[in-house]
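Following: one structure in structure tokens, then a few remarks.
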Amino acid sequence: ISCDILSSKMIIYNRWGNQVFYSEHINDKWDGTYKNIALDGDVFGYYLEFKDAENKTYYYKGTVTLVR
């Protein structure tokens, strides 16, 4: 991302729609765990929302594959 970020939110869900990660800090990274337990390889959904310096809000969603 090549702009200043004023705020952000990232949520990762498992295949049943349960939230396994949440952060409002742009530099936080998901390490493939939930409650400090390593999750099995699977496909997870993500939702990313952030606001730039011009106060424009961006929304992204998709999937990420966790490989173990």
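Worth pointing out:
- With every protein chain in place, the chain: carbon and sulfur % of accessible area (1.4 Å): 49
- For the chain, chymotrypsin sites (Phe, Trp or Tyr not before Pro) are listed when DSSP marks them as loop and at most 12 other Cβ atoms sit within 10 Å of their Cβ; the list is W16.
- Placing +1 on the Cβ of every Lys and Arg and -1 on the Cβ of every Asp and Glu, with no other charges, gives the range 24-68 a dipole of roughly 80 debye about its Cα centre.
- Using a simple spin-label model with pseudo-atoms 7 Å out from Cα toward Cβ, K61 and C3 lie 2.1 nm apart.
- Sparse-neighbour loop sites [trypsin sites (Lys or Arg not before Pro); the range 10-57; at most 12 other C-beta within 10 Å; DSSP]: R15, K29, K35, K56
- Taking every alpha-carbon pair under 8 Å whose residues sit at least 6 apart, the chain reaches a relative contact order of 35 percent.
- Accessible area per residue for the chain is 77 Å², calculated with a 1.4 Å probe on protein heavy atoms, without ligands, DNA or RNA.
- Here each label is just a point 7 Å from Cα along the line to Cβ, and for D42 and I26 those points are 3.1 nm apart.
The values are calculated or read from the model by the stated rules, or taken from the named source; none is laboratory data. Note that the structure is a prediction, hence the values are computed from the model and not measured. Cβ sites come from the backbone with ideal geometry, for glycine too, and all protein chains shown count toward neighbours. To get the accessible areas, we keep the full protein, side chains included, count just its heavy atoms, and leave off ligands, DNA and RNA. Shrake-Rupley method; radii C 1.70, N 1.55, O 1.52, S 1.80 Å.
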